[in-house]
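The values are calculated or read from the model by the stated rules, or taken from the named source; none is laboratory data. None of these values were measured; they are calculated from a predicted model. As a convention, Cβ positions derive from the backbone with ideal geometry for all residues, glycine included, and neighbour counts pool all protein chains shown. Heads up: the accessible areas ignore ligands, DNA and RNA and are worked out on the full protein's heavy atoms, side chains in. Shrake-Rupley method; radii C 1.70, N 1.55, O 1.52, S 1.80 Å.
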Amino acid sequence: MANFKEMVQAPSGTKYILQGNQAFALGVMHAGYHCVEGYPGTPSTEVIDKSLSKVQDLIQVGWDVNEAVAVAVGIGHSVAGFDTLVTMKTPGAFQAGDTITTSAFYNAPAGAMVLYVATDYVPSSTQHVIDLRHFFASARIPVLEPKNHQDMYEISKHAADLSREYNTPVVILANGILCHSEGLIQTGESRTIEPRELGKDMKAWMSIPKLARERYDSATSIRIPEVAKWCETSSLNTSIKGNEDWGVIVAGESEIMLKEALNICGLKPNILSLGTVYPLPEEKIKEFANSVKGKLFIFEDGDKFIQDRISLMGIEAIGKDKYSVITDYTPEMIIEILSKHIDIEKRTKAEEAGIPPVMRPPAICPGCPYRAFGESVNKLRKQKKIFTSFGDIGCSTLIYFQNAIDTCLCMGGSDAMRQGFVLSRPEYAHKTISVLGDSCECHSGLDATRNAVFRNTPGVKVILDNRITAMTGGQPAPSSPCNLAGEQNKFNLQKAEEAEEARVVTVNSYDLKGIESELKNSLSLAEDGEFTTMILEGPCMNMTPSKLKKRSLTIDKDVCIKCGKCNICPGIEFDKETGPIFTSMCTNCGSNEQVCKQMCPVGAIIPMEIEEKPKSDKAPVFENIEVEEVSISKEELPKSLRLAIRGIGGQGNLFFGKVLSTMMMNTPYADSHIVKGDTHGMAQLGGPVISTFACGDVYSPNLAPGSADVLVVMEMSEVLRPGFLDLLKPNGTILFNTYRALPPNTKIEDYPKLEDIRKKIENYNVIEIDAVKVAQSFGDMSGKSANVVVLGLLSRLDPFNKIPEGIWMKALMNLSPNDNIKQANSIAFKEGREYDK
């Protein structure tokens, strides 16, 4: 797999399988942008984090403290004459609303100003399903929506050209499904754009009321009508002539869902696909509607934005109901809607649930520095010392499942909300706390700290400082040691809090007694009118070196009283008969004072006796792994292959899918299409995840019912998730791994019995394996290579066995970063391939 810089410098016509955000970032580089600003927000983060941050010698790029600041910095770049991109997710656009809408009416020549806003209409990792098109249209900002992964690559060029030509900001509104799924793209020609000459009259950027009125009128009556003419001829809008008398108008990411549904059903209607959604190409739409003799359907993400406008044009189309709650489509939903109006043979009917799946709410990672705080708050609540806890956005939201917070408003809003509550109910000042992470405090939380001091509002504000923007993957914040450029941060969170004149205390986030003691003390002071900012310091586990996460504790069974108080983390599993055992997910709390050990009332969690291994001066000798070069013709392969994988976060589903997509690039499927979808965001380690893979005559990362050749089950109870079995073809195969993982605080008797699950799937073609046991048989006692064992077994199952072993091994070796991992993965794959099923 090429690194991002190699992709940027690769010749035109090169093919890659890229996540939508990476495809977009590559397009930004090839379109000649000069500057990129942003704030991390799933599902937009990877545009900078995994992509543009890797080529800082070629483009100016940086994370800002929040979205409003990022947009303002971006406008500064644009005013200076440089083509600029600013990235964010939906809530970020509202946070930056004043900046965006004020700048929308500037009309002087400048560098391109493009906003990349990622939506999350499911939602998977945000609290917003609001359709921003209404907001941007009211500000007279043109909006473009990519329809597929190739569009994700190409659309930044269209946006920059449109912005420069009409002196307007442009929004690219990208659906989160496209942002986080992967697809096959082909690169185009790269270009270089010279910065615009700096204007001499900087007063063109003034926004006094008189000028604001004039510019609003101009944008409404002149600029948007001119952009509408541009939309009529834009290549972002395409049409397909079908062989049916009915037609479909579709916009954005809904296009790939529609095409997948039509492909499964063998239907070929007339289709108009829109990539310019504000303003609309009205003449093109009218012409298409007049050409359709039968029924006309409309599918779009979000609200009825296009549907309502088409209705005002006098065009009747079947779309969402008046009070519809549909904000995004799946192939299954589209088939269901079409079947009510045209004759469609459905592939499958829904499988009845039967056994309820295990509840796996999003959870903080094993060893997370927030866990001790969550346990402390829960304890104090039971003692009636805390009445309520106001929460915030990010990883700290997940301590809701520890009963440690009650509310969640917005970034930085937790303490302001607490203040309002306490100002109205002062008798609760000493029984109420607020909680947020360090990056949220730096984003907008400091304003509330200042307000608490300004308003003399007593209480306790807790800042969980893990030194990083963790939920979005570990981006630097002002509280981190360094910024994106690797420069040392001068900002000091503790000093910033002290400068606001609040009482500030710091506590080790792994010190259970210290946290409880200081919470009690600060709450007591709140009763006397004191406002305290309590900073809990401890590093994010995902930023902690692996050598510090090797388990060093064991359970003394003779001392253990089986009370279950240690059952607080995915790293421990509890059985009331046998007591607690450590799981492969234990991270040893990063070698900090382990929280489970502190929870034990009898001292039964003790250090392991570690056997000293003699040191050797000799370097390890690795077996030379030879991969046979093989090829395969198109005629030897099925028309398409589809697969879905269910498991829990931390089992290597992402790697599993990455091997499949990389492998297919060495087959004729590289000349058709390859797509891959994964769960991101709130799943975290131990949460339920689904990954999908499809290649050949395919369109969508979301599979239609009855289309999957194989279902892979990495954690046995996950096969029970609603809708999962429905994906399987009538003669498909279930590859069933009997691994069990209990969520924290789940009793083993509440977990479905293996024999009951087997009975549930007995009428299917099932291949059963204990992949962790297989991995342990060749020395991988952690079982972390179980995913590769399963991959090896998959390579023998029809129809995936049509791909020669050499092609599987080549992809696996290319994705294994060093000799150690190459050896381990080679062994695991072969063990799985040779497994006696």
Checklist entry - Of all residues in the stretch 495-524 being part of a helix (DSSP H, G or I) and farther than 24 Å from Glu375 by Cβ, which is least open to solvent (accessible area, probe 1.4 Å)? => result Glu497
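Those residues that are open to solvent by 40 Å² or more (accessible area, probe 1.4 Å), of a type in the set (S, T, N, Q) and over 24 Å from Cys695 (Cα atoms), I need them from the stretch 793-830; list them, please. Spell out the reasoning first.
The initial filter retains those residues of the stretch 793-830 that are open to solvent by 40 Å² or more (accessible area, probe 1.4 Å), namely 796, 798, 801-802, 805, 810, 814, 817-822, 824, 827, 830.
Within this subset, residues satisfying the condition of being of a type in the set (S, T, N, Q) are 801, 814, 818, 820.
Listed by number, the residues that qualify are Asn818, Asn820.
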Checklist entry - Taking the stretch 1-44 only, how many residues are closer than 14 Å to His149 by Cβ, surrounded by fewer than 24 Cβ atoms within 10 Å (Cβ to Cβ) and aromatic (Phe, Trp, Tyr)? => result 1
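Here is a list: Thr327, Thr276. Which entry is in contact with a Gly (Cβ under 9 Å, 6 or more places away or on another chain), within 19 Å of Thr119 (Cβ to Cβ) and surrounded by 15 or more Cβ atoms within 10 Å (Cβ to Cβ)? Can you show your working first?
Details: Thr276 fails: in contact with a Gly (Cβ under 9 Å, 6 or more places away or on another chain).
It is Thr327.
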Item to check | Residue satisfying condition, being hydroxyl-bearing (Ser, Thr, Tyr) and modelled with pLDDT of 90 or more, within set Thr667, Thr679 | outcome: Thr667
Item to check | Count - residues of the stretch 525-548 that are at pLDDT 95 or above and not in a loop (DSSP other than H, G, I, E, B) | outcome: 11
Checklist entry - Restricting attention to the stretch 86-127, which residues are open to solvent by 20 Å² or more (accessible area, probe 1.4 Å) and touching an Asp or Glu at 6+ places or on another chain (Cβ under 7 Å)? => result Lys89, Gln95, Val122, Thr126
Checklist outcome for this item: Going through (1) open to solvent by 70 Å² or more (accessible area, probe 1.4 Å); (2) among the basic types (Lys, Arg); (3) under 19 Å from Gly652 (Cβ atoms) one by one, Arg833 fails only at (1)
Checklist outcome for this item: Within the stretch 573-596, residues being in contact (Cβ under 8 Å) with a residue 40 or more places away in the chain and open to solvent by less than 70 Å² (accessible area, probe 1.4 Å) number 16
Next on the checklist: Can you tell me which residue is least open to solvent (accessible area, probe 1.4 Å) among those in the stretch 385-410 that are under 18 Å from the mean Cα position of the chain (by Cα) and of a type in the set (Ser, Thr, Tyr)?
Outcome noted: Ser396
Item to check | Lone qualifier among Ala485, Ala477 - being more than 22 Å from Leu523 (Cα to Cα), of a type in the set (A, V, I, L, M, F, W, C), assigned to a loop (DSSP other than H, G, I, E, B) and open to solvent by 20 Å² or more (accessible area, probe 1.4 Å) | outcome: Ala485
Checklist entry - Restricting attention to the stretch 635-669, and to residues there that are touching a Leu at 6+ places or on another chain (Cβ under 7 Å) and of a type in the set (Gly, Ala, Ser), which single residue is farthest from Glu718 (Cα to Cα)? => result Gly650
Checklist entry - Taking into account only those residues within the stretch 350-384 that are in contact with a helix residue (DSSP H, G or I) (Cβ under 9 Å, 6 or more places away or on another chain), part of a helix (DSSP H, G or I) and open to solvent by 20 Å² or more (accessible area, probe 1.4 Å), which is nearest to Pro688 (Cα to Cα)? => result Glu375
Checklist entry - Which ones in the stretch 545-571 are touching a residue at least 60 places away in the same chain (Cβ under 8 Å) and open to solvent by less than 30 Å² (accessible area, probe 1.4 Å)? => result Asn567, Ile568, Cys569, Pro570, Gly571
Next on the checklist: With the structure loaded, tell me whether Asp756 is acidic (Asp, Glu), within 30 Å of Lys562 (Cβ to Cβ) and assigned to a helix (DSSP H, G or I) or whether it fails that test.
Outcome noted: yes
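Just name the residue that is nearest to Met534 (Cα to Cα) out of those in the stretch 411-433 that are assigned to a loop (DSSP other than H, G, I, E, B) and out of contact with any His (no Cβ under 7 Å at 6 or more places or on another chain).
Here is the first cut: in the stretch 411-433, the residues assigned to a loop (DSSP other than H, G, I, E, B) are 411-413, 425.
Among the residues that remain, those that are also out of contact with any His (no Cβ under 7 Å at 6 or more places or on another chain) are: 413, 425.
On the way: Gly413: 17, Arg425: 22 Å.
Ranking the qualifying residues of the stretch 411-433, first place goes to Gly413.
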